[in-house]
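Everything on this sheet refers to the single structure shown next.
The values are calculated or read from the model by the stated rules, or taken from the named source; none is laboratory data. Quick caveat, the model's predicted, so the values are computed rather than measured. Please note: Cβ atoms are built from the backbone with ideal geometry, for glycine as well, and neighbour counts cover all protein chains shown. SASA here: full protein model, heavy atoms, side chains in, ligands and nucleic acids out. Shrake-Rupley method; radii C 1.70, N 1.55, O 1.52, S 1.80 Å.
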Amino acid sequence: MKVIGITGGTGSGKSAVTAVLKENGAFCVDADAIAHEVILRGHPAYDALVKAFGQEILGEDGEIVRKKLGQMVFTQGQNRIPELNRCTHPAILAEIRSQLEKARQEGWSYAVLDAPLLLEGPFQDLCDEIWVVYAPKEVRLARIMARDDIGRDHAEGRMAAQRDWDAFVQKAPIVIENGSTLEHVRQQVIKQLNKTNG
């Protein structure tokens with residue numbers, strides 16, 4: 001089974017590319033969805049995050065409030081991102097491996113791993129091919145602010161905390177441009193998929 005990794009900066013539109021691949025027969029692993037699950041109370045990363053970041057990240061129901069956690073991580077700069085990753089990455093990686101193994105056993109011909117932090121640590125080693133999704137800065141900012149209901153400064157902080165564009169391209173020479181229409185994305189994805197499967 002071939003594994004295609006999808007990465008790119010926050011707000012670049014990775015999920016749109018993944019959706020097109022899913023329409024064309026891919027088994028999809030959503031690392032963001034996994035990341036949301038592992039921080040729930042009773043799940044692998046919950047205790048580590050509360051210990052690292054304190055009770056301030058909890059809501060009245062005792063669950064971690066992702067917006068509070070995000071503000072604590074991103075408004076204090078990159079110094080707290082490694083701490084966040086140490087708390088969450090082992091659990092995320094274990095679940096990704098589990099889902100990919102399930103796909104192999106079920107006989108899927110290829111799978112897609114949609115992971116914002118694909119180029120960090122061991123995640124890229126799970127992939128046979130890596131695609132990076134690109135969108136202009138202003139498009140990304142608008143998407144992030146609408147998606148996460150945050151202001152421009154906070155959105156820019158999230159973008160600044162990630163790799164710059166050159167770092168993405170060095171690791172992932174296959175680029176999908178996602179700054180305009182979904183149809184444009186679909187055409188690029190299908191063209192690249194034909195090359196991959198050819």
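Pairs of alpha-carbon atoms within less than 8 angstrom and 6+ residues apart define the contacts here; what relative contact order does region 1-65 have, in percent? Before the final figure, lay out each step's value.
Details: 31 pairs, mean separation 11.0, N = 65.
Value for region 1-65: 17 percent.
Tell me which residues come under 5 Å, amide H to amide H, from residue 135 once H is placed; ignore anything under 5 positions away on its chain.
Close amide H contacts, sequence-distant or interchain: 178.
Given a 1.4 Å probe and every protein chain left where it sits, what share in percent of the accessible area of the chain is carbon and sulfur? Intermediate values should be presented prior to the final figure.
On the way: 5000 of 10170 Å².
Summing carbon and sulfur atoms, their accessible area is 49 percent of the total for the chain.
Pairwise over distinct Cα atoms, reciprocal of the mean inverse distance: report the Kirkwood radius of region 78-198 in Å, one decimal place. Mind showing how you got there, number by number?
Working: mean 1/r = 0.0605 Å⁻¹.
That comes to 16.5 Å for region 78-198.
Binned at 10 Å from 0, what are the whole-percent values of the Cα-Cα distance distribution for region 1-94, short to long?
Histogram of Cα-Cα distances, whole percents per bin: 14, 41, 30, 14, 1.
Aspartates and glutamates near residue 137 by alpha-carbon distance under 15 Å, same-chain residues fewer than 8 away left out - which ones?
Partners found: 153, 156, 164, 166, 177.
Please give me the summed charge of the neighbours of residue 154: other residues whose Cβ is under 14 Å from its Cβ, Lys and Arg +1, Asp and Glu -1. Write down the numbers at each step before the final one.
Details: positive: 66, 67, 68, 140, 143, 147, 152, 158; negative: 148, 149, 153, 156.
Net charge around residue 154: +4.
Relative to the first principal axis of the alpha-carbon coordinates of the chain, what is the inclination of helix 137-148, with its axis defined by its Cα atoms, in degrees from 0 to 90 and to the nearest 10?
Once rounded, the angle reads 60 degrees.
Taking 8 Å as the Cα distance limit and 6 or more residues as the minimum spacing, I'd like the relative contact order of the chain as a percentage. Don't skip to the end; give the middle numbers.
On the way: 271 pairs, mean separation 75.1, N = 198.
Reported relative contact order: 38 percent.
Keeping all protein chains in the complex and leaving out DNA, RNA and ligands, what accessible area do you get for residue 84 with a 1.4 Å probe, in Å² to the nearest 10?
It works out to around 30 Å².
Is region 1-157 rounded, prolate or oblate when judged by the Cα gyration tensor, a ≥ b ≥ c being the square roots of its eigenvalues, rounded requiring a/c under 1.5 and prolate requiring a/b larger than b/c?
Values: a/c = 2.07, a/b = 1.31, b/c = 1.58.
Because a/c hits 1.5 or more and a/b fails to exceed b/c, region 1-157 counts as oblate.
Please report the projected area of region 103-152's Cα convex hull averaged over all directions, in nm².
Working: hull surface 21.2 nm².
Answer in nm², one decimal: 5.3.
Accessible area per residue for the chain in Å², computed with a 1.4 Å probe and the full protein assembly in place, what is it?
On the way: 10170 Å² over 198 residues.
Ligands and nucleic acids excluded, the result is 51 Å² per residue.
Using a 10 Å cut-off on Cβ atoms, rank the peptides 95-107, 51-63, 30-42 from the highest mean neighbour count down. Intermediate results must be reported in sequence, preceding the final value.
Values: 95-107: 14.2, 51-63: 12.2, 30-42: 16.0.
Per-residue mean Cβ counts within 10 Å order the peptides as 30-42, 95-107, 51-63.
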